[in-house]
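Colleague: Right, I'll just put the structure down here and ask away after.
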Amino acid sequence: MKTWIALLRGVNVGGKNKLPMKELAATMGALGLTELKTYIQSGNVVFRGPDKKAQVLAGEIGAAILGKFGFQPQVLVIDARELAAAASANPFPEAATEAEGRTLHLFFLAKAPAAIARERIEAIRRQSERWQQIGAVFYVHAPEGFGDSKLAAQIEKILGVPATARNWRTVGALLALAADAA
């Protein structure tokens, strides 16, 4: 058994794709996944599961949600070591404490992009924003706010790969839950 983190995208946002975390945990438990711990209502689950391909687990979780709730969110599954490596590689450590970790976001990518259109990124980013891509993680420091950042809003389209973002505070909480599960 291995410690995994499921990152769901687009659940419980604006009254759409309602997915109570307790019911999500029960649905995932029915797949044989254990020690399920959810964090906030936006679809973060730390769990223990078999040592298989992350994409296979993501597909199984997505299909189970579709069967139970009638919609299939994007599900990205990473193992605890990948999450710890992403946190350790943070290229903007000084931003980790700004606004309780809410100005630094990590976009977890389904895979590393083949190429990055740097000119497109530079054309839309605010002067204060910084970014860096390391492997399958795209880091964005948005000190003026993430919610109205054009860079944050368009990064998945620019990179051409599915992605889901978590702020530094959430990454820290998931690391703590993963450490407890290990």
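Colleague: Taking the Cα centre of the chain as the origin, how large is its charge dipole in debye, to the nearest 20, when only Lys and Arg (+1) and Asp and Glu (-1) carry charge on their Cβ atoms? Each step should come with its number before you reach the end.
Modeller: Values: 22 positive and 16 negative charges, 82 e Å.
Approximately 400 debye in magnitude.
Colleague: All other residues with a Cβ under 15 Å from the Cβ of Gly101 taken together, and with Lys, Arg as +1 and Asp, Glu as -1, what is their net charge? Don't skip to the end; give the middle numbers.
Modeller: Values: positive: Arg102, Arg166, Arg169; negative: Glu94, Glu98, Glu100.
Summing Lys and Arg as +1 and Asp and Glu as -1 gives 0.
Colleague: Here's a follow-up. Sort the chain into rounded, prolate or oblate with this rule: let a ≥ b ≥ c be the square roots of the eigenvalues of the Cα gyration tensor; rounded if a/c is under 1.5, and if a/c is not under 1.5, prolate when a/b is larger than b/c, oblate otherwise.
Modeller: Values: a/c = 1.75, a/b = 1.58, b/c = 1.11.
Taking the square roots of the gyration eigenvalues as a ≥ b ≥ c, the chain is prolate.
Colleague: Further question on the same structure: Could you list Met1, Met21, Met28 in order of exposure, starting from the residue whose Cβ has the fewest other Cβ atoms within 10 Å? Intermediate results must be reported in sequence, preceding the final value.
Modeller: Working: Met1 12, Met21 19, Met28 22.
Placing the least packed residue first, the sequence is Met1, Met21, Met28.
Colleague: For Lys18 and Glu122, what is the calculated FRET efficiency with R₀ set at 30 Å and r taken between the beta-carbons, to the nearest 0.05? Intermediate results must be reported in sequence, preceding the final value.
Modeller: Numbers: r = 38 Å, r/R0 = 1.27.
Taking R0 as 30 Å, the efficiency between Lys18 and Glu122 is 0.20.
Colleague: What FRET efficiency do you get for Ala114 and Gln41 if R0 is 41 Å and r is their Cβ-Cβ distance, rounded to the nearest 0.05?
Modeller: On the way: r = 34 Å, r/R0 = 0.83.
E(calc), rounded to 0.05, equals 0.75.
Colleague: Continuing with the same structure: Calculate, in nm to one decimal, what Glu98 and Val56 gain on full extension: separation in residues at 0.36 nm each, minus their alpha carbon distance. Kindly include the intermediate steps, with their values, before the conclusion.
Modeller: Working: separation 42, 0.36 × 42 = 15.12 nm, distance 3.62 nm.
11.5 nm is the gain from fully extending Glu98 to Val56.
Colleague: Between Ile134 and Leu31, take the C-beta separation as r, use R0 = 22 Å, and let me know the FRET efficiency to the nearest 0.05.
Modeller: Rounded to the nearest 0.05, the efficiency is 0.10.
Colleague: Quick one: what are the phi-derived ³J(HN,Hα) couplings along the range 144-151, Karplus 6.51/-1.76/1.60 with θ = phi - 60°, whole Hz, x for glycine and proline?
Modeller: 8, x, 8, x, 10, 7, 5, 4
Colleague: Specify which residue in the list His105, Gly59, Ile40 is farthest towards the positive end of the charge dipole of the range 1-107, using unit charges on the beta carbon of Lys, Arg (+1) and Asp, Glu (-1), about the Cα centre.
Modeller: Gly59
Computed from the coordinates by the stated procedures, all read-outs in this text should not be read as laboratory data. This structure is a prediction, so every number in the text was calculated from the model and none was measured. We place every Cβ from the backbone using ideal geometry, glycine too, and count neighbours over all the protein chains shown.
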